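**Student:** Here it is: the structure, laid out below.
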Amino acid sequence: MVTAKRVWAALAELPDPEIPVISLVDLGVVRDVAVDGDRVTIEFTPTFLGCPALEVMRDRMADAVRDLGGTPDVRVVLDDSWSTDRITPEGRAKLREAGFAPPLPRAAGEPALVQLQATAFRCPYCGSAETHLENLFGPTPCRSIRYCNACRQPFEQFKTI
Amino acid sequence: MSARAPSRTDVLLAAADDELILGWRDSEWTGIAPSLEEDVAFSSIAQNEIGHARALYELAARELGGDADALAFDRRPAEYRCCPLVELRRLDWADTIARHWLYETADAVRIEDMAASDWGELAGLARKIEREEAYHRMHADMWVTRLADGEERARLGASLEALWPYALGILDGKLRDRFRERVAARLAWFDVAGEPGSEHARGTHTDELAPLWDEMTMVRRSIPGAQW
């Protein structure tokens, strides 16, 4: 018998294809799970529109529902209901452990260049706040590149969006 | 061109085609930008722009039929609704930065307009696109600051002047006025007067679109209907 609880538990086991330390539930991209008989509707809000992992995430969620004996209907919702504020506290901790600085809260509003250039971001390796912005862009759409002046290590910063 | 008011799918396709073609031009810096950091930046910006195009085409395809790929790749060059500015192939860094900044400034005005649309899905998508475009604008603006003096300023100024009539062709009417005001507010030294000529306006194409289209659609045309 498929239940919403079992679906959420299964989705919590699915790693992000590009940052596998964090699950799709940690990432906050699963907006809703609704179960009607064996039909399972998942509302999925992608992170970045150009993210090549989008189809992979959608297909893996559908497979997870099938593994539970359900019939999946994964709906991709393209609006602004996902932001980096939806990454869970557990997700943030996992990002930090894997060497990614987690995003700043959006509470302060739109990210601004002066704010990103300021030394407010802690190095995920040594904890120093003596870091600087190297590049607003990085190896995937969701990341910027920073450099730690204390331990002389470049690191990846999850963009605040 | 007909005089009828553009339909909501015309507006959508214009934005999608701009993002696709500019994304393609930005991707031409991959591997050859003047610094590794800019190689990464323009590659990532290109990826975002093409992602925006895809989402806009998907929305348009629901109204027009077909799918996003068919809209992106199966039309003839003359059927695209992109503005001439995005078609230009300019492998000069000052031109690239001038186009980047002008386009992102105008695109912000267009996205705000879409976000205020009473078509809920378009408004929601525009708000999502805006989250990503904010980074493009920060990047473009950082370069305008970096090139603000001396020889750099002279070169940027010459590029802005040459591209300005094309930039005026991105938007029409009130949106164009708003764009002009923003450029004037940021660049006090730049003359924002003028109107786009017919060769700069949306609805016409430069000679540079056809070779781009030929390359962009080559693989898809090689095996029509293939599932990749």
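The values are calculated or read from the model by the stated rules, or taken from the named source; none is laboratory data. None of these values were measured; they are calculated from a predicted model. FYI the Cβ positions are ideal-geometry reconstructions off the backbone, even for glycines, and counts take in every protein chain you see.
**Student:** Quick check on segment A:78-93. Is at least one of its residues surrounded by 21 or more Cβ atoms within 10 Å (Cβ to Cβ), in a helix (DSSP H, G or I) and either of a type in the set (Gly, Ala, Ser) or not assigned by TED's automatic domain parsing to the domain that holds A:CYS148 (or both)?
**Tutor:** yes
**Student:** Follow-up question, since we're still on this one. Of the residues that sit in segment A:136-157 and are outside any strand (DSSP E or B), touching an Asp or Glu at 6+ places or on another chain (Cβ under 6 Å) and not small (Gly, Ala, Ser), which one is farthest from B:GLU133 (Cα to Cα)?
**Tutor:** A:ASN149
**Student:** With segment B:158-228 as the region, which helices (runs of 4 or more DSSP H) entirely inside it contain at least 2 residues that are of a type in the set (A, V, I, L, M, F, W, C) and out of contact with any helix residue (DSSP H, G or I) (no Cβ under 7 Å at 6 or more places or on another chain)?
**Tutor:** Fully inside segment B:158-228 and qualifying: B:173-186, B:218-222.
**Student:** Among the residues that make up segment A:8-18, is at least one of them of a type in the set (Asp, Glu) and not in a loop (DSSP other than H, G, I, E, B)?
**Tutor:** No, because not a single residue in segment A:8-18 is of a type in the set (Asp, Glu) and not in a loop (DSSP other than H, G, I, E, B).
**Student:** For segment A:94-124, which positions are in a loop (DSSP other than H, G, I, E, B), more than 9 Å from chain B (Cβ to nearest Cβ) and exposed (fewer than 15 other Cβ atoms within 10 Å of the Cβ)?
**Tutor:** Matches in segment A:94-124: A:ALA98, A:GLY99, A:PRO105, A:GLY109, A:ALA118, A:THR119, A:ALA120.
**Student:** Name the residue, out of B:ASP95, B:ASP118, that is assigned to a helix (DSSP H, G or I) and either hydrophobic (A, V, I, L, M, F, W, C) or on the phi < 0 side of the Ramachandran plot (or both).
**Tutor:** Answer to the check: B:ASP95.
**Student:** Any residue at all in segment B:107-122 that is without any contact (Cβ under 8 Å) to a residue 40 or more places away in the chain, under 13 Å from the mean Cα position of the chain (by Cα), under 28 Å from A:GLU110 (Cβ atoms) and within 13 Å of chain A (Cβ to nearest Cβ)?
**Tutor:** yes
**Student:** If you check A:ALA53 against the conditions, is it over 23 Å from B:GLU132 (Cβ atoms), of a type outside the set (S, T, N, Q) and surrounded by fewer than 21 Cβ atoms within 10 Å (Cβ to Cβ)?
**Tutor:** In short, no.
**Student:** Examine segment A:69-77 for a residue that is in a loop (DSSP other than H, G, I, E, B), away from chain B (no Cβ under 14 Å), under 25 Å from B:ARG54 (Cβ atoms) and touching a residue at least 60 places away in the same chain (Cβ under 8 Å), and state whether such a residue exists.
**Tutor:** No.
**Student:** Okay, next question. How do the pairs read when you match residues in segment B:89-106 that are without any contact (Cβ under 8 Å) to a residue 40 or more places away in the chain with residues anywhere that are not in a loop (DSSP other than H, G, I, E, B), using Cβ under 6 Å and keeping only pairs 6 or more apart or on different chains?
**Tutor:** What qualifies is B:GLU104/B:HIS136; B:GLU104/B:ARG137; B:GLU104/B:ALA140.
**Student:** Being part of a helix (DSSP H, G or I) and surrounded by fewer than 15 Cβ atoms within 10 Å (Cβ to Cβ) is the filter here, so list the residues in segment B:126-151 that pass it.
**Tutor:** B:THR145, B:ARG146, B:GLY150, B:GLU151
**Student:** I'd like to verify a number: residues in segment A:9-33 that are in contact with a helix residue (DSSP H, G or I) (Cβ under 7 Å, 6 or more places away or on another chain) and of a type outside the set (Val, Ile, Thr), how many?
**Tutor:** Total satisfying the criteria: 10.
**Student:** Does A:LEU133 satisfy being surrounded by fewer than 21 Cβ atoms within 10 Å (Cβ to Cβ), more than 9 Å from chain B (Cβ to nearest Cβ), of a type outside the set (Gly, Ala, Ser) and in a loop (DSSP other than H, G, I, E, B)?
**Tutor:** The answer is no for A:LEU133.
**Student:** Of everything in segment B:12-60, what is among the basic types (Lys, Arg) and more than 11 Å from every other protein chain (Cβ to nearest Cβ)? Give them in sequence order.
**Tutor:** Across segment B:12-60, the qualifying residue is only B:ARG25.
**Student:** Applying the selection to segment B:139-190, what residues are basic (Lys, Arg) and within 14 Å of another protein chain (Cβ to nearest Cβ)?
**Tutor:** B:ARG146, B:ARG186
**Student:** Still on this structure, please answer the following. Considering only segment A:34-43, how many residues are surrounded by fewer than 20 Cβ atoms within 10 Å (Cβ to Cβ) and in contact (Cβ under 8 Å) with a residue 12 or more places away in the chain?
**Tutor:** Number satisfying all stated conditions: 6.
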